[in-house]
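Engineer: One structure, pasted below without further comment.
The values are calculated or read from the model by the stated rules, or taken from the named source; none is laboratory data. Every value quoted in this text rests on a predicted model; they were computed, and no experiment measured them. As a convention, Cβ positions derive from the backbone with ideal geometry for all residues, glycine included, and neighbour counts pool all protein chains shown. Surface accessibility is based on the protein's heavy atoms, side chains included, excluding ligands, DNA and RNA. Shrake-Rupley method; radii C 1.70, N 1.55, O 1.52, S 1.80 Å.
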Amino acid sequence: MNAGTKGLIAVLAGVTSVALGVAYYKSQQKLSGTTPPPPTCPSTCSTDSDCSGCGSDYVCLNGVCVQQTAPPPTCPNSCSADSDCSGCGPDFVCENGQCIKQIPATISAPLSANMASSTLYTTTCCFTLFYNSCIKCMPTYKPGAQPATFDVYVRDSSGRGIPNVKLSIASSVASAGLQFTFTLSNGQQITPLIFTSGQTALITTDAEGKVTITVEADTMPVGWDNVANSNYPCSACSDITDQGTVGPLSFGQFNFTVLDVGGLSAVTLLTDTVTYMGIINEVTGCPCL
């Protein structure tokens, strides 16, 4: 074999090696489904423009540059109803005439939710011919006299609710000794989901992107659990017309977090308003205990 032939074989071998390498790289791309971003792609971002060094198909999502995938061929260029976007994928809806993928952007939850409790202060007075005595302030408490019910929504950037989003709900009390019960509903449970304070619940949003929470106090707020504590109104023990409300009093809170979406969370403070009333129970001809 002469030198020219050997050289030709070497060139062909090199070309073959490169071709095989390119084919392997493309096969790995197909298997992974995404192309690794270039070194100019930042690790964090705040706007889409921050991701310009990653490639034309990168956007900023929850502080990270991610690669957008092209919609399938069955995804139309325009739409008039959500059903028109059925060929785009399960998370696509029609907004402003375009099929877009819904991505959780906000959690809409009230800043606070107020329960209601009540207490009745009864003073029993015994009257005899020579004796008059009163047993002062025997309280009757009704924690959970009125529960609080509110809705929590997971919405996209346009404010539209997103269905089937996994939501974590952590609960806690403001002080030791307090306790509440909360029930979750998304219209899909056959039986109610019931939890007590301190537990963390997991639930998915309904077709409107909503979860409904009903919460009820199992104990009275701090200071109202015993007549010997300082919060009860002394006037209620001697004035039959004395009544009023106190609160809202701090009771606990809920922390909402959308799973699989980093940094998307919200807090609802839980409070309790106490209604009180004083009555005098007059008994004639009885020995006082």
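Engineer: Would you mind working out the accessible area per residue for segment 182-225, using a 1.4 Å probe, and quoting it in Å²?
Structural biologist: 48 Å²
Engineer: If you don't mind, another one. Please give, to one decimal in nm, the separation of the simple spin-label points placed at SER157 and GLN68, each 7 Å out from Cα toward the Cβ.
Structural biologist: Once both label points are built, they end up 0.9 nm from each other.
Engineer: On full extension of the chain, what length is gained from THR284 through THR106, given 0.36 nm per residue of separation minus the C-alpha to C-alpha distance?
Structural biologist: Stretched fully, the THR284-THR106 segment lengthens by 57.6 nm.
Engineer: Sort 209-218, 87-96 by packing, meaning the average of other beta carbons within 10 Å per residue, with the highest value first.
Structural biologist: Ranked from most to least packed, the peptides come out as 209-218, 87-96.
Engineer: Quick one: with all protein chains in place, what share of the accessible area of segment 174-214 is carbon or sulfur, to the nearest percent (1.4 Å probe)?
Structural biologist: Accessible surface attributable to carbon and sulfur in segment 174-214 totals 53 percent.
Engineer: Could you tally the net charge around CYS41, taking each other residue with its Cβ under 13 Å from the Cβ of CYS41, Lys/Arg +1 and Asp/Glu -1?
Structural biologist: Spelling it out: positives minus negatives among the neighbours equals -3.
Engineer: Now a separate question. Go through segment 262-275 residue by residue and turn each phi into a ³J(HN,Hα) via Karplus (6.51, -1.76, 1.60, θ = phi - 60°); whole Hz please, and just put x for glycine and proline.
Structural biologist: These are the phi-based 3J(HN,Hα) values: x, x, 9, 8, 7, 10, 10, 7, 9, 10, 9, 10, 9, 9 Hz.
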